[in-house]
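Below is one structure, written out as structure tokens; comments come after it.
The values are calculated or read from the model by the stated rules, or taken from the named source; none is laboratory data. For clarity, every value in this text was computed on a predicted model and none was experimentally measured. SASA here: full protein model, heavy atoms, side chains in, ligands and nucleic acids out. Shrake-Rupley method; radii C 1.70, N 1.55, O 1.52, S 1.80 Å.
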Amino acid sequence: MKLLRIGRYRDIAYQSFDFLLSRIIVDNEIHVVSNKGWAHRGQPTNELQGGEQPIDVAYTIVALDRFYKFTKDEQYRKTIRIVFEWFLGRNHLRQIVYNPVTGGCFDGLEEHEVNINQGAESTISYLMARLKMEDYKGESAN
């Protein structure tokens with residue numbers, strides 16, 4: 001964390017993270033980087049739908065939380081709820097990824113369906129994200 005206090009490194013971290021967010025937050029939804037192909041310069045990334053995994057969503061929440069707590073930038077705080085709601089159906093399929101019956105989490109989103117496997121990595125990712133959301137109880141996304 002001390003490294004981020006050094007101006008140059010801090011600025012690079014903000015620029016890099018903000019660039020990533022500009023690519024994955026589209027129309028107030030997160031569309032994480034797909035594992036289904038490569039993004040190419042000048043081409044929209046939202047054409048690579050599917051291959052979205054809970055671990056990417058959870059780590060985005062962790063990063064947003066750290067950036068918010070360090071900067072107090074309200075945009076990071078607002079984005080946390082938007083990203084978390086990916087698990088609850090705010091995604092390109094409009095399907096819930098968290099399984100309230102088992103308490104587990106499906107393994108992700110493909111182009112046209114939810115991957116209904118419920119592996120430990122996905123469930124831990126959801127639980128990690130949900131635990132982080134405890135700091136933001138009662139707040140709503142815009």
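The table below lists the values:
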item: Percent RCO, i.e. relative contact order, over segment 73-142, from Cα pairs under 8 Å lying at least 6 residues apart; result: 29 percent
item: Solvent-accessible heavy-atom area per residue, rounded to whole Å², over the chain at 1.4 Å; result: 60 Å²
item: Rg to Rh quotient for segment 48-128, alpha carbon positions, Kirkwood Rh; result: 1.00
item: Computed over the chain, the ratio Rg/Rh where both radii use C-alpha atoms and Rh is Kirkwood; result: 0.97
item: MRE, 222 nm, helices only [DSSP H, n ≥ 4, -39500 (n - 2.57), over the chain, to nearest 500]; result: -14500 deg cm²/dmol
item: With all protein chains modelled, accessible area of LEU127 [1.4 Å, Å²]; result: 90 Å²
